[in-house]
Amino acid sequence: MSTKPILRLVLGDQLNIKHSWFSQPSKDAVYLMMEVREEATYAKHHIQKVVAFFVAMREFAQELRRRKFQVLYLTLDQKSNLHLLAANVEELVKSGDYSAFEYLLPDEHRVDSALSSLAKRLSVPTRAIDSEHFLTQRDFLTEVFRGRKRYIMENFYREVRKRYDLLLEDGEPVGGRWNYDSENRNRLPDSVTPPPILSFKRDVSDILKLHKNSKIPTIGSIPSDDLPWPVTRSEALETLDYFCQHSLHHFGSYQDAMHTEHRFLFHSRLSFSMNVKLISPREVIDRAIKEWRKRPKQITIAQIEGFVRQIAGWREFMRGIYWTHMPSYKDLNFFNHSRALPHYFWDGKTSMNCMKHAIDQSLEDAYAHHIQRLMVTGNFSLLAGIDPDQIDEWYLGIYADAVEWVQLPNTRGMSQFADGGIVGTKPYTSSGNYINKMSNYCSGCRYNQKIRTGEGACPFNSLYWHFLMRHRAKLENNPRIGMAYRTLDKLSKTDRDAIERQANHYLHIIEEL
Ligand code: FAD
Ligand code: DLZ
Ligand code: SF4
């Protein structure tokens with residue numbers, strides 16, 4: 001029997017100390033982690049995102065060493081680093097020092113393909129094993145919808161709830177309903193103040209210098225060399241506790257609200273920690289349910305169900321869509337949209353107040369919450385007919401939590417309907433009405449949300465109707481949009497012509513809006 005150790009790869013989003021690999025240290029394995037240009041440059045990442053990944057990886061390697069695991073950590077500036085995941089592994093295996101190569105199933109198709117073709121080339125036995133993070137397996141979606149024509153998130157979510165016994169009583173949903181979505185749509189009233197954010201201070205000047213010296217292109221800013229994101233398991237658990245104590249009781253009610261003074265509202269800020277697997281969805285859900293059981297008078301079923309749905313429902317559903325439809329999903333462009341992304345996505349310089357707030361916040365915090373991503377920047381991009389490749393590139397770079405398996409179905413699918421209805425049953429579009437209903441953005445805007453045409457008319461209004469007119473052939477038979485076409489058809493020809501002129505004008509001067 002060989003006495004050489006196994007080489008085990010841990011990727012930057014596989015920092016799961018609860019994985020069975022780490023149940024006890026052994027001389028039989030060396031854990032390989034590497035900082036590589038390939039991953040730091042596959043998109044132009046936000047500076048907070050790259051730094052957060054690097055710090056989280058370094059902290060994880062240290063934790064493994066503290067627990068007496070053997071770790072081989074390649075830094076970005078190491079001479080022997082070939083800066084490609086597969087090439088580094090190949091070189092190490094060639095040295096003859098390892099008896100086998102093992103890796104955890106990657107979450108990104110690109111990396112999955114690179115590692116499975118590497119496995120075929122290597123001269124030692126190789127094995128891929130589960131990352132032990134998600135509730136469901138990659139093919140659970142196919143299993144749930146076998147023989148059915150389309151996917152419905154709600155049906156998927158109910159299956160997950162049943163399989164994992166989440167919020168059930170005698171097999172039935174607690175409270176008598178599966179979904180309290182209708183109670184999740186409130187504007188933030190003046191009487192309700194979100195808690196201060198729990199931010200972490202960490203001097204990252206060394207990593208910033210490393211990135212600068214390595215000329216890694218980035219976007220956005222980082223607050224005076226400090227990183228606010230939870231990048232260790234204990235920080236992630238602290239964030240989860242903080243959320244349960246201070247935000248969960250209002251999570252559902254205000255999850256769709258937007259406000260100029262409150263960037264994070266009652267959101268958990270857990271997506272980065274979960275996406276790099278510092279904490280698991282099951283842990284997050286169980287902790288939140290425990291808090292709800294402890295304080296049922298303060299935390300209503302609508303709050304806890306709204307939260308569980310995001311994680312057990314949307315997060316797992318998106319992963320299922322990704323693995324069922326990649327790699328072709330990445331090229332879908334149902335509306336054949338091709339317009340370039342306007343400059344304000346990169347610098348925030350626009351007079352549309354909602355866009356300005358959502359973009360400035362993204363550039364400053366590497367964060368925007370779901371409705372800002374979906375109904376402000378995503379909605380605008382869809383109405384304006386922006387090329388989905390450029391939209392993906394922006395979303396994949398700008399958010400600290402952006403990893404392709406979850407970014408792509410959310411962006412190309414949910415927000416752009418570029419998949420023609422795989423993720424959602426209809427495009428998420430709206431005029432300025434919805435933004436005005438859910439936020440205080442419009443009162444401080446140069447544009448007037450109340451008017452469709454004429455001087456100062458809100459661009460979302462004419463662009464919304466223009467979008468419906470442009471894509472009538474593809475959309476009018478969709479029963480979920482039929483109502484909008486009936487409203488459009490009730491407008492006089494003069495009004496429709498005016499909307500068309502207004503929208504064409506705005507599209508013509510899109511860089512100046
Ligand atoms: P909370 O509002 O506190 O929600 C709790 C958790 O639920 C989140 O941490 C997340 O894990 C999960 N969740 C909520 N909504 C979704 C969803 N639609 N899909 C998957 N998980 C969800 N999320 C990412 O993690 N990475 C991305 O790259 C990403 N890109 C997105 C792009 C677009 C266009 C849209 C519309 C949404 C995107 N989302 C993405 C989903 C969602 O916006 C973020 O998960 C959320 O804003 C993260 O903030 P939070 O942790 O405070 O979430
Ligand atoms: C996002 C990211 C970055 C910026 N850098 C690294 C890295 O240097 N090394 C690494 O192993 N992973 C990194 N990651 C996360 C990877 O992109 C992620 O692990 C793969 O895409 C698989 O999902
Ligand atoms: Fe946005 Fe229109 Fe409201 Fe201005 S008026 S904030 S552009 S929705």
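Just wondering, is there one or more residues in segment 200-210 that are outside any helix (DSSP H, G or I), out of contact with any Cys (no Cβ under 7 Å at 6 or more places or on another chain) and at pLDDT 95 or above? Talk me through it step by step, then tell me what you get.
Restricting attention to segment 200-210, the residues satisfying the condition of being outside any helix (DSSP H, G or I) are 200-204.
When the remaining residues are screened for being out of contact with any Cys (no Cβ under 7 Å at 6 or more places or on another chain), the result is 200-204.
With the extra rule that they be at pLDDT 95 or above, the set shrinks to none.
Scanning segment 200-210 turns up no residue that is outside any helix (DSSP H, G or I), out of contact with any Cys (no Cβ under 7 Å at 6 or more places or on another chain) and at pLDDT 95 or above.
What are the residues in segment 216-258 that are modelled with pLDDT of 90 or more, over 21 Å from Ala402 (Cα atoms) and open to solvent by 40 Å² or more (accessible area, probe 1.4 Å), if any? Within segment 216-258, Ser234, Glu238, Asp241, Tyr242, Gln245, His246, His249, His250 qualify. With respect to Glu500, determine if the residue is in a helix (DSSP H, G or I), open to solvent by 40 Å² or more (accessible area, probe 1.4 Å), touching a residue at least 40 places away in the same chain (Cβ under 8 Å) and not basic (Lys, Arg). No; evaluated as a whole, the condition is false for this residue. In this structure, Pro342 qualifies as touching a residue at least 60 places away in the same chain (Cβ under 8 Å), in contact with a Leu (Cβ under 8 Å, 6 or more places away or on another chain) and either open to solvent by 10 Å² or more (accessible area, probe 1.4 Å) or more than 25 Å from Leu270 (Cβ to Cβ) (or both).
Taking the conditions exactly as written (in contact with a strand residue (DSSP E or B) (Cβ under 6 Å, 6 or more places away or on another chain), away from ligand 1 (no atom under 16 Å from the Cβ) and either closer than 16 Å to Leu72 by Cβ or modelled with pLDDT of 95 or more (or both)), does Glu132 satisfy them or not? Steps first, answer last, please.
On the way: in contact with a strand residue (DSSP E or B) (Cβ under 6 Å, 6 or more places away or on another chain): no; away from ligand 1 (no atom under 16 Å from the Cβ): yes; either closer than 16 Å to Leu72 by Cβ or modelled with pLDDT of 95 or more (or both): yes.
No.
Checking segment 327-350 against the condition returns a match, with at least one residue being under 16 Å from the mean Cα position of the chain (by Cα) and either away from ligand 2 (no atom under 16 Å from the Cβ) or at pLDDT 95 or above (or both).
Pick from Glu63, Glu108: which is more than 30 Å from Ile321 (Cα to Cα) and charged (D, E, K, R)? Write out each step before concluding.
Numbers: Glu108 fails: more than 30 Å from Ile321 (Cα to Cα).
On inspection, the qualifying residue turns out to be Glu63.
Under the condition of being without any contact (Cβ under 8 Å) to a residue 60 or more places away in the chain and not aromatic (Phe, Trp, Tyr), the residues counted in segment 393-413 number 2.
Results for (1) within 24 Å of Arg202 (Cβ to Cβ); (2) within 23 Å of the chain's Cα centre (by Cα), shown as yes or no for each residue.
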{"residue": "Lys49", "(1), (2)": "yes, yes"}
{"residue": "Ala52", "(1), (2)": "yes, yes"}
{"residue": "Leu84", "(1), (2)": "no, no"}
{"residue": "Ala87", "(1), (2)": "no, no"}
{"residue": "Lys94", "(1), (2)": "no, no"}
{"residue": "Ser123", "(1), (2)": "no, no"}
{"residue": "Arg127", "(1), (2)": "no, no"}
{"residue": "Ser131", "(1), (2)": "no, yes"}
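Annotation: of all residues in segment 433-460 being touching a residue at least 24 places away in the same chain (Cβ under 8 Å) and in contact with a strand residue (DSSP E or B) (Cβ under 9 Å, 6 or more places away or on another chain), the one that is surrounded by the most Cβ atoms within 10 Å (Cβ to Cβ) is Cys458.
Can we say Arg472 is closer than 20 Å to Ser338 by Cβ, in contact with a Phe, Trp or Tyr (Cβ under 8 Å, 6 or more places away or on another chain) and open to solvent by 50 Å² or more (accessible area, probe 1.4 Å)? If you could, list the steps in order and put the result at the bottom.
Details: closer than 20 Å to Ser338 by Cβ: yes; in contact with a Phe, Trp or Tyr (Cβ under 8 Å, 6 or more places away or on another chain): yes; open to solvent by 50 Å² or more (accessible area, probe 1.4 Å): yes.
Answer is yes for this residue.
All of (1) in contact (Cβ under 8 Å) with a residue 24 or more places away in the chain; (2) closer than 28 Å to Ser280 by Cα hold for Tyr98 with one exception: (2). The single residue among Ser430, Ser415 that is under 29 Å from Arg452 (Cβ atoms), open to solvent by 10 Å² or more (accessible area, probe 1.4 Å) and more than 16 Å from ligand 2 (Cβ to nearest atom) turns out to be Ser430. Please tell me if Asp360 is charged (D, E, K, R) and either crowded, with 23+ Cβ neighbours inside 10 Å or in contact (Cβ under 8 Å) with a residue 40 or more places away in the chain (or both). When the stated conditions are applied, Asp360 does not pass them. Counting only residues that are out of contact with any helix residue (DSSP H, G or I) (no Cβ under 8 Å at 6 or more places or on another chain) and open to solvent by less than 10 Å² (accessible area, probe 1.4 Å), segment 259-286 holds 1 of them. Here Trp323 meets each of (1) more than 16 Å from ligand 1 (Cβ to nearest atom); (2) surrounded by fewer than 22 Cβ atoms within 10 Å (Cβ to Cβ) with one exception, condition (1). Residues that are under 19 Å from Arg110 (Cβ atoms) and open to solvent by less than 10 Å² (accessible area, probe 1.4 Å) do occur in segment 14-29. Within segment 180-197, the set of residues being open to solvent by 40 Å² or more (accessible area, probe 1.4 Å) and either under 27 Å from Pro223 (Cα atoms) or not hydroxyl-bearing (Ser, Thr, Tyr) (or both) comprises Asp181, Glu183, Arg185, Asn186, Arg187, Pro189, Asp190, Thr193, Pro196, Ile197.
When you look at Arg486, is it in contact (Cβ under 8 Å) with a residue 12 or more places away in the chain and among the basic types (Lys, Arg), yes or no? Criteria not met by Arg486.
Could you list, in sequence order, the residues of segment 145-162 that are open to solvent by 20 Å² or more (accessible area, probe 1.4 Å) and in contact (Cβ under 8 Å) with a residue 12 or more places away in the chain? Within segment 145-162, Arg150, Tyr151, Ile152, Glu154, Arg158, Glu159 qualify. In the list Ser492, Ser439, Ser462, Ser430, which residue meets the criterion of being more than 17 Å from Thr377 (Cβ to Cβ) and within 13 Å of ligand 3 (Cβ to nearest atom)? Unique residue meeting the criteria: Ser462.
The values are calculated or read from the model by the stated rules, or taken from the named source; none is laboratory data. Computed from a predicted model, the values in this text were never measured in an experiment. FYI the Cβ positions are ideal-geometry reconstructions off the backbone, even for glycines, and counts take in every protein chain you see. The area values use the complete protein model at the heavy-atom level, side chains included, leaving out ligands, DNA and RNA. Shrake-Rupley method; radii C 1.70, N 1.55, O 1.52, S 1.80 Å.
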